[in-house]
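Reading through the structure tokens given below for one structure.
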Amino acid sequence: MRIINANDFVSPGAADADIIQKAIDAASPGDTVRIPRFNVSGDSNEWHIGKAILVGTGVTVLLDNCRLVLKTGIYDNMFRNRDGASGFSIIGEGSAVLSGGEWNYLSNNMSGKYGLPDVSVNALLKFRHASHAVIRNIRFEMARWASVMVDHSEDVRIEDLWFEMVPHVKDLYGVLIGCGCRNISVENLTGRTGDDTVYIFADSKRYPVTADAEIRGVRLRNIVTDPKFESIVHIRANGGHKIRDIRMDGIVDSSDFFDKKRIHANVHIGDREAELHPAVPSDISGIRLVNAFSSAVNTFSLNGSFSDSCFENVFTFGDNINIINNSSCEVQTENVRFRRLYYGKGSEPNNSTSFISRYAIGALPVVADNIKGDLKVEKLIDVDEEDI
């Protein structure tokens, strides 16, 4: 096992991405390619990346206190895996920063139009058909779209990431988990994202519904972030796609609600335009959440049908309006439970019609007019109750 220094591959006129790529190509499985803070070629503490760097099987890329910035005007990722790569890692050491630099004006709305590529080229890290990979201890700045995108991959660990996203674009996701993903672990995310921090996304417009497109076995733990526009966790399937077995522990709203607009939701299931993307309860199933803290407009925004799910130990604070809200489209539920929902004194209803008497009168607002089927809220608890 060797440690290979990217600076050892500097050659006259070579671009920074080519230098790093040569170092990676020289590595064998088990080797580590070190990208140091100082870039000898540019005589700088920055590496300027003009095309995607490809990582192969068994190679570890060590970001050693370095700063990598995408060049202005390019349409490409910063890192991708070689197709079918397994057992690779991208690990930050110390202060490792990946920056999108200046935006290239490619957005969700412009994706694939006017000769532009698909917006996924704007993901800083994009992994497809990868397995047994690790992404750890990286700070993401000035993202152009998603910081990390994973689809059709399995056994991927994403850990210890910090986001600092200036909202120059609306759609700035932290981690986007797409179709065909199995056993994806996401832990210890902090900072501020522009849109959803974790977006679990199965869209028939982007991916056809096939046997291998199901998303299954996602684990989210210690997600403590402040999305500027949307939700901490967004789970969305439509057109027949399936999302199953999502486990969450510690979904925490860290926003300063006195300083900015409150986030839309801690957890958002479905789409506020779900009537355009019909789903049945079995399409999204097996969601388990424990331990959430929210000052969002809605702790749970339910705009898509789902089943066999349980949400437990939920605390609201500040000026949270609805702990459960469904307001835009009809949702079908089967075997869905909300248990032990604690509400703080700052969480007061601003509309008496927000209360549904079969849940709780005079407690925390639950808006469920368009929810049909088996959904139960078993206990709403004031913070002053003795059993806390």
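Note the angle between two axes, namely the Cα long axis of helix 16-25 and the longest principal axis of the Cα atoms of the chain, as a number of degrees from 0 to 90, rounded to the nearest 10.
With rounding to tens, the tilt is 90 degrees.
Putting +1 on Lys and Arg Cβ atoms and -1 on Asp and Glu Cβ atoms, find which of SER309, PHE293, ILE74 reaches farthest to the positive end of the dipole of the chain.
Among SER309, PHE293, ILE74, the one farthest towards the positive end of the dipole of the chain is ILE74.
Excluding GLN332 itself, what net charge comes from residues whose Cβ is under 11 Å from its Cβ, given Lys and Arg +1 and Asp and Glu -1? Numbers along the way, then the final one.
Working: positive: LYS372; negative: ASP283, GLU330, GLU334, ASP374.
My count for the surroundings of GLN332 gives -3.
Between ALA26 and ARG157, 0.36 nm times their residue separation minus their Cα-Cα distance comes to what? Don't skip to the end; give the middle numbers.
On the way: separation 131, 0.36 × 131 = 47.16 nm, distance 2.51 nm.
Here the segment from ALA26 to ARG157 would lengthen by 44.6 nm.
Would you look at the GNM of the chain, springs on alpha carbons closer than 10 Å, and say which of VAL314, VAL175, VAL377 moves the most?
Highest fluctuation of the listed residues: VAL377.
What number, in percent, do you get for the relative contact order of the chain if the mean sequence gap of Cα pairs under 8 Å and at least 6 apart is divided by its residue count? Walk me through the numbers on the way to the answer.
Details: 1172 pairs, mean separation 30.2, N = 388.
Contact order relative to length: 8 percent.
Near GLY112, within a Cβ-to-Cβ distance under 13 Å, what is the net charge of the other residues, with Lys and Arg +1 and Asp and Glu -1?
Numbers: positive: LYS113, LYS205, ARG206; negative: ASP118.
Taking every Cβ under 13 Å from that of GLY112, the sum is +2.
Run the paramagnetic zone check for ASN313: 7 angstrom along Cα to Cβ, then residues of region 205-238 with backbone nitrogen under 13 Å.
Correct set: 222.
Would you work out the relative contact order for region 1-121, in percent, from Cα pairs under 8 angstrom that are 6 or more residues apart?
Once normalised by length, the contact order is 22 percent.
Tell me the carbon and sulfur percent of the accessible area for the chain, rounded to whole percent, probe radius 1.4 Å.
Values: 7290 of 15250 Å².
Carbon and sulfur together cover 48 percent of it.
If the label point is 7 Å along Cα→Cβ of ILE3, which residues in region 71-95 have backbone nitrogen under 18 Å from it?
89-95
With the other protein chains left in place, how much accessible area per residue, in square angstrom, belongs to region 3-381 at a 1.4 angstrom probe?
Details: 14320 Å² over 379 residues.
Counting only protein heavy atoms, the per-residue value for region 3-381 is 38 Å².
Counting only protein chains, not ligands or nucleic acids, how are GLU230, GLU93 ordered by accessible area (probe 1.4 Å), most first?
Details: GLU230 30, GLU93 85 Å².
Largest accessible area first, the list is GLU93, GLU230.
For the chain, I need the span (max minus min coordinate) of the C-alpha atoms along each principal axis, in Å, sorted largest to smallest.
So the extents along the principal axes, rounded to whole Å, are 74, 43, 43.
Would you kindly find the accessible area of THR193, with a 1.4 Å probe and non-protein molecules such as ligands, DNA and RNA excluded, rounding to the nearest 10 Å²?
For THR193, the solvent-accessible surface is approximately 0 Å².
Kindly sort ASP43, ASP76 by accessible area of their heavy atoms, largest first, with the probe set to 1.4 Å.
Numbers: ASP43 115, ASP76 30 Å².
The most accessible residue leads, giving ASP43, ASP76.
Using a Gaussian network model of the chain with C-alpha springs under 10 Å, which one of GLY101, GLY56, GLY112 is most mobile by mean-square fluctuation?
Checking each option, the largest mean-square fluctuation is seen for GLY112.
Considering only the other residues whose Cβ falls under 10 Å of the Cβ of ALA52, what net charge follows from Lys and Arg at +1 and Asp and Glu at -1?
Numbers: positive: LYS51, ARG80, LYS126; negative: ASP76.
Neighbourhood net charge equals +2.
Just to make sure I understand: if all protein chains stay in place, what is the order of TRP145, TRP162 by accessible area at 1.4 Å, largest first? Don't jump to the answer; show the numbers that get you there.
Details: TRP145 10, TRP162 100 Å².
Largest accessible area first, the list is TRP162, TRP145.
Extension gain VAL224-ARG247, at 0.36 nm per residue separation less the Cα-Cα distance, in nm? Could the numbers behind the result be given before it?
Details: separation 23, 0.36 × 23 = 8.28 nm, distance 1.56 nm.
Taking VAL224 through ARG247 to full extension adds about 6.7 nm, to one decimal.
Between the alpha-carbon centers of region 210-262 and region 1-52, tell me the distance in whole angstrom.
Taking the Cα centre of region 1-52 as reference, the centre of region 210-262 is 35 Å away.
Would you mind telling me which residue in LYS170, LYS113, LYS71 has the biggest mean-square fluctuation in a Gaussian network model of the chain, where springs connect alpha carbons within a distance under 10 angstrom?
In this elastic network of the chain, the residue with the biggest mean-square fluctuation among LYS170, LYS113, LYS71 is LYS113.
For SER44, put the label point 7 Å out on the Cα→Cβ axis and report which residues of region 109-147 keep their amide N under 17 Å from it.
141-142
The values are calculated or read from the model by the stated rules, or taken from the named source; none is laboratory data. Note that the structure is a prediction, hence the values are computed from the model and not measured. Note: ideal-geometry Cβ built from the backbone for every residue, glycine included; neighbour counts use all protein chains shown. The accessibility values were calculated without ligands, DNA or RNA, using every heavy atom of the protein model including side chains. Shrake-Rupley method; radii C 1.70, N 1.55, O 1.52, S 1.80 Å.
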